[in-house]
Every structure is written in structure tokens, then in C-alpha cells.
Amino acid sequence: MRFLSSSIGKKIVVALTGLVLVGFVFGHMIGHLLMFAGPAAYNEYAHFLHTVGHGMGIWVARSVVFGSIIVHVLFTIQLTKQNRAARAEPYGYQHTQVASKSSRVMIISGLTLLSFFIYHILHFTVRVWHGFNQLPLFDLAGEKVFDAYQMMIKGFSFPLVTGFYILSMVFLCSHLSHGVASIPQTLGLNTEASGKLFKKLGLAFAFLILAGFSVVPLAINMGLVK
Amino acid sequence: MNLNLHLKVWRQASPNAKGSFQDIEARDIPDHASFLEMMDIVNERLIADGKEPVAFDHDCREGICGMCSMVINGRPHGPERATTTCQLHMRKFRNGDTIWIEPFRARAFPVMKDLMVDRSAFDRIMAAGGFVSVRTGAPQDANALPIGKEVADAAMDAAACIGCGACVASCKNASAMLFVSAKIGQLNALPQGQPEKHRRTLGMVRQMDKEGFGNCTNQYECEAACPKDVSRTWIASMNKDFAVASGREALLASARERSEGD
Ligand code: FES
């Protein structure tokens, strides 16, 4: 379609898929924090996710998130290629006035997050390592369910894994610090005042996500959550 | 007071020639000279020495025509906020400074010679919709068309754009979206611009894409470099106008197909 081949059309799709992913990341973080509420609460939550809508719910959510990621990545790669081509010869004297460091490495933070995402899916969703699928089942009020709580404890018992997770969350924080505030601008909702507000909200959100995702693995590593 | 400056000036004989920086000592430059007058002095000395003067664009020299360009120490139009190169004064520099002077760099703005670039891409974008069509004849009474103060002020802010291309030069992606959005926004804001609003938006954005400018990544280097302080919010308005115009175009096309099918 003509809209999708235009610069602004692509940008709008990137903003919309970004918005979906922002929503997903926030929900995922809240779910994560249930680790502090103990094994029963966490496993009940995990069980709920896997059974809602007769087990269809999770596949709908997964398709939306996967689809958004694929489109977001493909379009940003195309846009970035065009952007590089548009400045064929670099300046002899490089100068940046207002663009943040994060805003200038979006493609790097983004592609790092993509590789993290693939690792994360293999780690906790497909569970290819550590024999998570052989974990003894958890007794959730008489019902035998998968022990997602134990999987988290085991998964984060290696400092190297924890380190990689937290590093990835730093990249996510960087990515969000520019991305969130860009959404209303690209969707054409910004005024002078709302632009400033969204910039602050975007930063606050980015650090909230960093903190929210880092405390669980750190707590597990320090033995605070067992 | 007079200044002695070390210039590093981009020299490029022709569009396809390979360019490089030339070191030029600019001695005894009066601090009340404008940047372009400094270049004039340098050029007169080059000519007196039998050398090729530095080619650069200029015209009004009073900050309204948008002809002067140059990237000075990495910043289009130099270090002063909201100031064109022609309005920049040498007192903003210090004795002994090294000053890098290069052309606006963008694939859509090919270098013609030294510091001169071809900005006719902007003209083609304007020709694709940056106007209001009116039948000729006697002008109507100015008061026949009431325009709210806020709208008039906003349109005036957008109209401050002199089309110099500093936004493209400063953008990390050589995007022209600040320029294009100011031109679209000025006319789309006013009642006279309404009849052609959608056609204008689609036409100008598509021409912009065709010229090979990059895509805005919301970093606002353009706004910081703009000699006329044109606001980033015009880009947001353009994004919205383009989405609406595209949606409308698609709906009309499908309606047309259906009626043709009958
Ligand atoms: S020469 Fe006209 S704006 Fe500078």
C-alpha cells in the first residue's frame, strides 16, 4: 500500500507497534513483580495466563507481540537504511546540539533487544536449557500446575545470566527513553506543552521498567527470594 | 578589535570532484564583520594572490532570503541560535579560533562547488503543493475572510521558514521534515489552504520522499539549528495531516472501484 511505502506511513507504523510493545513490557513487568508475592501467587498468575480463554488468550497475545516486533524491526531497519543513505558524506566536524545519546543508538539498542528477546524466549518459554520442563509440578490448591516460580529461581541462579538480563534492561531503558516520547510526536498528537510532558513521562517510564525488571533477578541472586 | 583565525574550508571543484579541507589563515578580520564579510575578505586576498576564491551562496545578507548556508563548526549557520550565517558576527569568535566551514551535507543537496549546494529539491517539493490556487482577478477585500488570531499567529510562525535547508543539514538523517511541515502547516492552517489541503499534504510528502531525504527520528536537531525557530510541532501536525489524507485517499479509491464495478 502506498501509505506504508511513505516515510511518514512507516514512521506511524513503527510508533503504533512501539505502543503495543510498551504496553506489553509494562504488563510483563507487573507480572514479574508477583515473584515477591510468593510461589502460590506467581504460579497462579502463570497458570491463569496459560489457561485464559481456554488457552487461546496467550496465543492471541503472543501473536500480537510477535507480529508487532517483526513489523517494528523490519520497518526501522528500512528507515535506518534510508537515513544512512540520505547523508552520503559525513561532516568533517561532527557536532550534536540536542539529540540524546539514546536517540542516536536506537538501532543498536533495538537489535540488541531483539537478540535478547530470542534468548529470553528460548530460556523461559521454549525452555531449551536447564531442564525446566522436568521440574516437579506445583500444587495450586489441589491442581497440579507448572512451577514457573521455581523456574525463575533456577533461571536466575547464574550471575552471568542475571548480568546479561540486567544489561539488556539497560538497553531497554535507553530505547524507551527516546521511543516513548517519540510516539505522540509521530502520531501527530504533540503540542509544545505535551511534547515536554511526554519527554519527562518517557524518561520516568524507562527507569521504572529498568527498576521493575532488575529487582527480581537481583533479589534472587542475593537470596532474598528463594 | 581584529581577529586572526585558522579556517578549514571545504574545497570541491565540481559536483563529481573529490573535495577536501583547505587550511586558510584569515588574518586581521574586523570583529564587526559578518561571517560572509569575513569570507569576502578572505576571497579578495585569494584573488589578489591569483588563487581560486571560495564559492558560497548568499543574497539578501539580512536573514530573510535563505540563500546563505554553510556549516560552521558542525552547526548550520554557526553557533548563534536563530541566526543565519549572513547575520552572524565575527565578534562571536575568539582570536586564534579554528573554524571549520563545510557545505550542507545531504544526498538530496549535492555540492555544486566548494560551499554551494543545489537546493532545487526544495523547489520541486514546493511545486508539488506548496501554494494556494486562486483565479486571477481583483483581490477580494482583506476583511471578507475572518481568520482567528491564534490561527493567524501560528501560520505566521510557520511562514517564518526561509527555506534555507539548515534543518536538513543539521538532521542526523538529512531529513527535510521541518521544512516540509512548515510549508504544509502554514497553508493547511489557513482557510485559503483548505480546498487543497489533502492533495497538498500527499503531494509534498511524496515529493520529499522521492528526493532522497531521510526520515525524522524525533531528535529535533532541526529545531535547534533553524535560524527562524520553526517548531517541531509542525512535524507532528504534518504526520497527522498525512495520515488523514492517506486514509481519505484510500477510502475514495475503494469507493471509486466499487462504483466502477457496478
Ligand atoms: S543571505 Fe539571505 S538569509 Fe543570509
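The values are calculated or read from the model by the stated rules, or taken from the named source; none is laboratory data. The structure displayed is predicted, hence computed values, not measured ones. Neighbour counts are summed over all protein chains in view; Cβ atoms, including those assigned to glycine, are modelled from backbone coordinates with ideal geometry.
Miscellaneous remarks
- Residue list for the range A:166-225, restricted to those being of a type in the set (Gly, Ala, Ser) and within 13 Å of another protein chain (Cβ to nearest Cβ): A:SER177, A:GLY179, A:ALA181, A:SER182, A:GLY188, A:ALA193, A:SER194, A:GLY195, A:GLY202
- Subset of the range B:148-162 [outside any helix (DSSP H, G or I) and within 15 Å of the chain's Cα centre (by Cα)]: B:ALA160, B:CYS161, B:ILE162
Every residue, every condition in (1) over 30 Å from B:VAL244 (Cα atoms); (2) within 14 Å of another protein chain (Cβ to nearest Cβ), yes or no:
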{"residue": "A:TYR42", "(1), (2)": "yes, no"}
{"residue": "A:ILE58", "(1), (2)": "yes, no"}
{"residue": "A:GLN94", "(1), (2)": "yes, yes"}
{"residue": "A:SER103", "(1), (2)": "no, yes"}
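- Test: residue in the range B:90-98 that is surrounded by fewer than 16 Cβ atoms within 10 Å (Cβ to Cβ), modelled with pLDDT of 95 or more, within 16 Å of the ligand (Cβ to nearest atom) and over 15 Å from the mean Cα position of the chain (by Cα): yes
- Residue within the range B:34-50 that is surrounded by 15 or more Cβ atoms within 10 Å (Cβ to Cβ), within 14 Å of chain A (Cβ to nearest Cβ) and away from the ligand (no atom under 16 Å from the Cβ) present: no
- Within the range B:229-245, the set of residues being surrounded by 21 or more Cβ atoms within 10 Å (Cβ to Cβ) and either outside any helix (DSSP H, G or I) or modelled with pLDDT under 95 (or both) comprises B:VAL230, B:SER231, B:ARG232.
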